[in-house]
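Engineer: Sending over a structure as structure tokens; questions will come in a sec.
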Amino acid sequence: MYTPAAFAMQNTDEMIQFIRQNNFGILFSHVNRHPNATHLPFVIRQIAPEKFVLLGHLAKANPHWKALHETEVLAVFQGPHAYISPSWYAESQAVPTWNYVAVHATGTCHIIQDAQLLHELLKETVRFHEPNSTLLDHMDEAFYVKMEQAVIGLEIEITSMEGTAKLSQNKSTDTIRGVVEGLRASPDKLAHDVAELMQRNLETLEKRT
């Protein structure tokens, strides 16, 4: 991912937390000159110091899984993003741009077909989204087994991560304030989310100075 130094996310913990907060990603692979992509929910698990895996599942009817085992893949996680108007800038000479946050995780994908491992993976996914849910405790076992048989589990051993948080860090504080104000006036919720991230950065910058 092209990431100018001013926008690079340097902290691994920050990227892990971002994935947890924006865990519906896109899984990309490329086999025999043919690109594939599938939208999937992921759970990220730490298995050792500085070692993480992504857990996910997709429909067995989706042929993408057949090209994934022991293959290098890319998982992309997108956060809030928004159009940035130059009319919000303190500088007179400017062009429109786009602010956004995204994390890319690259790793080796392993297919999980073992029934018990798949069961634990799906259970962990439900618990992540509904920590206090009793759904699985009361579900008819035959029905649950039937549903499990229709999906394939994935474990991606992460080998590298990179993140971009393009939030006007290369602009003056006056321009950042103007962009925050412009985003807050937008009816778009994503614009408000970007404004909040920029405001936090601005407050951190002001504390340092």
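Engineer: Tally up the residues in the range 48-69 that are within 19 Å of the chain's Cα centre (by Cα), of a type in the set (A, V, I, L, M) and closer than 16 Å to Ile16 by Cβ, please. Don't jump to the end; show me each part of the working.
Structural biologist: So in the range 48-69, the residues within 19 Å of the chain's Cα centre (by Cα) come out as 50-58.
Now narrow it down to the ones that are of a type in the set (A, V, I, L, M): 53-55, 58.
Imposing the further condition that a residue be closer than 16 Å to Ile16 by Cβ reduces the set to 53-55.
Within the range 48-69, residues that are within 19 Å of the chain's Cα centre (by Cα), of a type in the set (A, V, I, L, M) and closer than 16 Å to Ile16 by Cβ number 3.
Engineer: Which count do you get for residues in the range 72-122 that are of a type in the set (Gly, Ala, Ser) and over 22 Å from the mean Cα position of the chain (by Cα)?
Structural biologist: Filtering the range 72-122 for residues of a type in the set (Gly, Ala, Ser) gives 75, 79, 82, 85, 87, 90, 92, 94, 102, 105, 107, 115.
Filter once more, so that each one left must be over 22 Å from the mean Cα position of the chain (by Cα): 85, 87, 90, 92, 94, 115.
Number of matching residues: 6.
Engineer: Residues that are of a type outside the set (S, T, N, Q) and surrounded by 11 or more Cβ atoms within 10 Å (Cβ to Cβ): find the helices (runs of 4 or more DSSP H) completely inside the range 109-155 holding 3 or more of those. Reasoning before the result, please.
Structural biologist: On the way: elements: 115-129, 135-138, 141-148.
In the range 109-155, 115-129, 141-148 are the helices (runs of 4 or more DSSP H) which contain 3 or more residues that are of a type outside the set (S, T, N, Q) and surrounded by 11 or more Cβ atoms within 10 Å (Cβ to Cβ).
Engineer: Report whether or not Ala195 is more than 18 Å from the chain's Cα centre (by Cα) and either part of a helix (DSSP H, G or I) or surrounded by 13 or more Cβ atoms within 10 Å (Cβ to Cβ) (or both).
Structural biologist: On the way: more than 18 Å from the chain's Cα centre (by Cα): yes; either part of a helix (DSSP H, G or I) or surrounded by 13 or more Cβ atoms within 10 Å (Cβ to Cβ) (or both): yes.
For Ala195, the condition - more than 18 Å from the chain's Cα centre (by Cα) and either part of a helix (DSSP H, G or I) or surrounded by 13 or more Cβ atoms within 10 Å (Cβ to Cβ) (or both) - is met.
Engineer: Taking Thr175, is it closer than 22 Å to Phe7 by Cα, touching a residue at least 24 places away in the same chain (Cβ under 8 Å), among the β-branched types (Val, Ile, Thr) and assigned to a helix (DSSP H, G or I)? It would help to see each step written out before you state the result.
Structural biologist: Working: closer than 22 Å to Phe7 by Cα: yes; touching a residue at least 24 places away in the same chain (Cβ under 8 Å): yes; among the β-branched types (Val, Ile, Thr): yes; assigned to a helix (DSSP H, G or I): yes.
Yes: the conditions hold for Thr175.
Engineer: Out of Ala8, Ala61, Ala82, which single residue is at pLDDT 95 or above, over 29 Å from Leu121 (Cα atoms) and out of contact with any helix residue (DSSP H, G or I) (no Cβ under 9 Å at 6 or more places or on another chain)? Even if it seems obvious, please write down each step before you answer.
Structural biologist: Working: Ala61 fails: over 29 Å from Leu121 (Cα atoms); Ala82 fails: out of contact with any helix residue (DSSP H, G or I) (no Cβ under 9 Å at 6 or more places or on another chain).
Ala8 is the lone residue from the list that is at pLDDT 95 or above, over 29 Å from Leu121 (Cα atoms) and out of contact with any helix residue (DSSP H, G or I) (no Cβ under 9 Å at 6 or more places or on another chain).
Engineer: What number of residues within the range 187-206 are more than 20 Å from Met9 (Cα to Cα) and out of contact with any strand residue (DSSP E or B) (no Cβ under 7 Å at 6 or more places or on another chain)?
Structural biologist: 3
Residue by residue, here is whether (1) farther than 26 Å from Lys189 by Cβ; (2) out of contact with any His (no Cβ under 6 Å at 6 or more places or on another chain); (3) of a type in the set (Phe, Trp, Tyr); (4) in contact (Cβ under 8 Å) with a residue 40 or more places away in the chain holds:
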residue	(1), (2), (3), (4)
Ile47	yes, yes, no, no
Val53	yes, yes, no, yes
His57	yes, yes, no, yes
Lys66	yes, yes, no, no
His69	yes, yes, no, yes
Val76	no, no, no, yes
Ser85	no, yes, no, yes
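Engineer: Identify, please: which residue in the range 73-93 is farther than 19 Å from Ile44 by Cβ and among the aliphatic types (A, V, I, L, M) and is, among those, surrounded by the fewest Cβ atoms within 10 Å (Cβ to Cβ)?
Structural biologist: Ala90
The values are calculated or read from the model by the stated rules, or taken from the named source; none is laboratory data. All values derive from a computational prediction rather than experimental measurement. Note that we place each Cβ from the backbone using ideal geometry, even for glycine, and neighbour counts take in every protein chain shown.
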